[in-house]
Amino acid sequence: MEERKAPVLFAPETDSTNLALRRLAADGAVDGTVFWAARQSAGRGRLGRSFASPEGGLYYSLLLDAADDPARDLLLTPAAGLAAARAVERVSALRCGIKWPNDLLLGGRKLCGILAEGFTVGARRCLALGIGINVNTAAFPPELEGVAVSLWQITGRETDIPALAQALTEELDAAVAAARRGDGALLADYRARCLTVGRHVTLLQNGESREAFVLGVSDDFSLAVRLPDGSEESVRSGEVSIR
Ligand code: BTN
């Protein structure tokens, strides 16, 4: 395997590893730089939410240069989900399902969340792929009980977090390279793990909630759904809850 050129940086604590990467990018950090932390004081989630980030989790972000043509980056988000699922599998032998777009689930509960954020540094367009995994968390706050799950809760043993971070780096490097060359195997593996397809769901978009049936994941990573009136639509954003 070719040696990795970009650095993998660690801090015991930061506000958000995605934000830390933005600061590093402003100081000239290169494509492929990783920053991970043992806890976050201001973890960021999708749709403007916060992401609880106590000790015991893995909080990890990868800096990427965006492609000139945004269509070429469409596979990076599923690549991040797949890489996280494969890394978890390597250290625990547990197979994760994926809830579109990118929550990893075990037994119907959320093991991992992913936040892809675009930003610019001067004329340079960058992407921070942020991944939060519940690893050795023994208990969650009451509002997350029954919703979130950790590897520890399922396996009953501690997972070596640096070893998981190393596996994640290797899997991400491979999946990002595959996404950048448009490798179709990536979406095939994503579709095989996607728990949302073939299910009746509630779509939550712009404060509005609608029922739909999920037909599949399209090549551009949007969700193809059928609405109760028989019309079909592509869903690109928002939240999907499986009924
Ligand atoms: C979500 O499920 O809403 C996405 C959560 C993403 C959390 C990760 S933890 C590492 C990175 N840094 C952040 O502040 N957020 C992402």
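The values are calculated or read from the model by the stated rules, or taken from the named source; none is laboratory data. This structure is a prediction, so every number in the text was calculated from the model and none was measured. FYI the Cβ positions are ideal-geometry reconstructions off the backbone, even for glycines, and counts take in every protein chain you see. Keep in mind that these areas ignore ligands, DNA and RNA; they rest on the heavy atoms of the full protein, side chains included. Shrake-Rupley method; radii C 1.70, N 1.55, O 1.52, S 1.80 Å.
Heavy-atom accessible surface of Trp36, to the nearest 10 Å², is about 30 Å², with a 1.4 Å probe and all protein chains retained.
Rounded to 0.05, the FRET efficiency of the Ala163 and Ala139 pair, given R0 = 30 Å and the Cβ-Cβ distance, is 0.80. Net charge dipole, the stretch 80-177: roughly 220 debye, given to the nearest 20, about the Cα centre with Cβ charges of +1 for Lys and Arg and -1 for Asp and Glu. Helical content alone sets the calculated 222 nm signal of the chain at -8000 deg cm²/dmol, taking -39,500 (n - 2.57) per DSSP H segment of four or more residues and averaging over every residue. Compactness of the stretch 110-243 is given as radius of gyration and Dmax, 17.8, 50 Å, from Cα positions.
Across the chain, C-alpha contacts under 8 Å between residues 6 or more apart give a mean separation that, scaled by the residue count, equals a relative contact order of 17 percent.
In terms of packing, defined here as the mean over residues of other Cβ atoms within 10 angstrom, the peptides 202-214, 18-30 line up highest first as 18-30, 202-214. Once the Cα-Cα distance is subtracted from the 0.36 nm per residue extended length, the Glu211 to Leu47 segment shows a gain of 57.1 nm. Each principal axis of the chain carries a Cα extent, and these read 51, 45, 35 Å when sorted largest first. Per-residue extension of 0.36 nm, minus the Cα-Cα distance of Ala185 and Asp220, leaves a gain of 11.2 nm for this segment.
Compute the Cα gyration tensor for the stretch 200-242, then decide on rounded, prolate or oblate, letting a ≥ b ≥ c be the square roots of its eigenvalues: rounded whenever a/c is under 1.5, prolate when a/b is larger than b/c in the other cases, and oblate in all that remain. Could the numbers behind the result be given before it?
Details: a/c = 1.69, a/b = 1.16, b/c = 1.46.
Here the stretch 200-242 falls in the oblate category.
The stretch 196-243 and the stretch 137-186 have their alpha-carbon centroids 25 Å apart. Of the listed residues Asp69, Asp219, Asp103, Asp183, the order by accessible area with a 1.4 Å probe, largest first, is Asp219, Asp69, Asp183, Asp103. Ordered by solvent-accessible area of protein heavy atoms (1.4 Å probe), largest first, the residues Ile133, Ile161 come out as Ile161, Ile133.
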